[in-house]
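What follows is calculated from the coordinates using simple rules that are stated; it is not laboratory data. Being a predicted model, the structure only gives us computed values, none of them experimental. Ideal geometry is used to build each Cβ from the backbone, glycine not excepted, and the neighbour counts take in all protein chains shown.
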Amino acid sequence: MTTTEPRAAADVRDVLERMRALEAALPRQDGVAVFNRVYLSVTGELERRIAAGHFRDPALTAEFTARFARRYLTAVDADRAGRRPPACWRPLFQHRRHPGVLPVQFALAGVNAHVGHDLALAVVDTCTARGCEPAALRDDYEQVDRVLVELEERVREELMPGPDLLDVADPLTHLTGSWCLTRARDAAWAASRVLWELRGADGLCEEFRERLDTGTGMVGRFLLTPLG
């Protein structure tokens, strides 16, 4: 076992502890709390699969998992401190207590922000730190995909309203059906490759990152359309 492996595993445990602390501190109905519960569940599942050897490079996947999670936690810290989080996260923080937004919308808006913006940056962060090309992460990235698809299914099954709320469910079905995690993950991988190629061109790289951030934020506002 390399020295990188226990350090990366410890980093995953650290982000899990921070998410558990958020779960304990936030009201259950808070929109950020809804997403946090979902994300805590999937990060815990990733930790178990990393430990069980489900990934080709467990240390690399653990580091990637921790760097990815820290981008969400950094946005939470910024909001708590009164600073502006990235544009992709602002809709969730701004609407987190809106009585007309349903839990499934909060969850999907958080997933959209994290996958649509943070994921590509986490790929670049990890590859830069490890001195490898994104291709080195590709196989395990696809393994993570399978966990996240299970996550999306769980979100829709557990948080979608029941048949007693059909007056809400019709527009909600249309709204949530307009966003697809698999397509978002594919787009994030393509974005990570563009960012990787642009990393030496500071102006172009920053412009692409800003467009990625604002575009993801626009989708988030759509997902948080009040329906209640």
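Here are some notes:
- Between helix 103-113 and the chain there is an angle of about 30 degrees, using the helix long axis and the longest principal axis of the Cα atoms.
- Qualifying chymotrypsin sites (Phe, Trp or Tyr not before Pro) in the range 177-214, where qualification requires a DSSP coil assignment and no more than 14 other C-beta atoms within 10 Å, are lacking entirely.
- Mean sequence separation of contacting Cα pairs (under 8 Å, at least six apart), scaled by the length of the range 19-166, corresponds to a relative contact order of 32 percent.
- Extreme residue, positive dipole direction of the range 97-228, given options Thr216, Gln143, Leu175 (C-beta unit charges): Thr216
- Axis angle, to the nearest 10 degrees, between helix 31-51 and the longest C-alpha principal axis of the chain: 40 degrees.
- Mean ellipticity per residue at 222 nm, deg cm²/dmol - from DSSP H runs of n ≥ 4 across the chain, formula -39500 (n - 2.57): -25000 deg cm²/dmol
- In the chain, the sites counted are trypsin sites (Lys or Arg not before Pro) in DSSP loop states with at most 10 other Cβ atoms within 10 Å, and the longest stretch holding none of them, exclusive of the sites, is 84-228.
- From phi via Karplus (6.51, -1.76, 1.60), per-residue ³J(HN,Hα) for the range 67-76 in Hz, x at Gly/Pro: 5, 4, 5, 5, 5, 5, 5, 5, 5, 4
- The chain - charge dipole about Cα centre, Lys and Arg +1 at Cβ, Asp and Glu -1, debye rounded to 20: 500
- Lys/Arg +1, Asp/Glu -1 at C-beta; the range 1-119 dipole; positive extreme among Phe55, Val12, Val111: Val111
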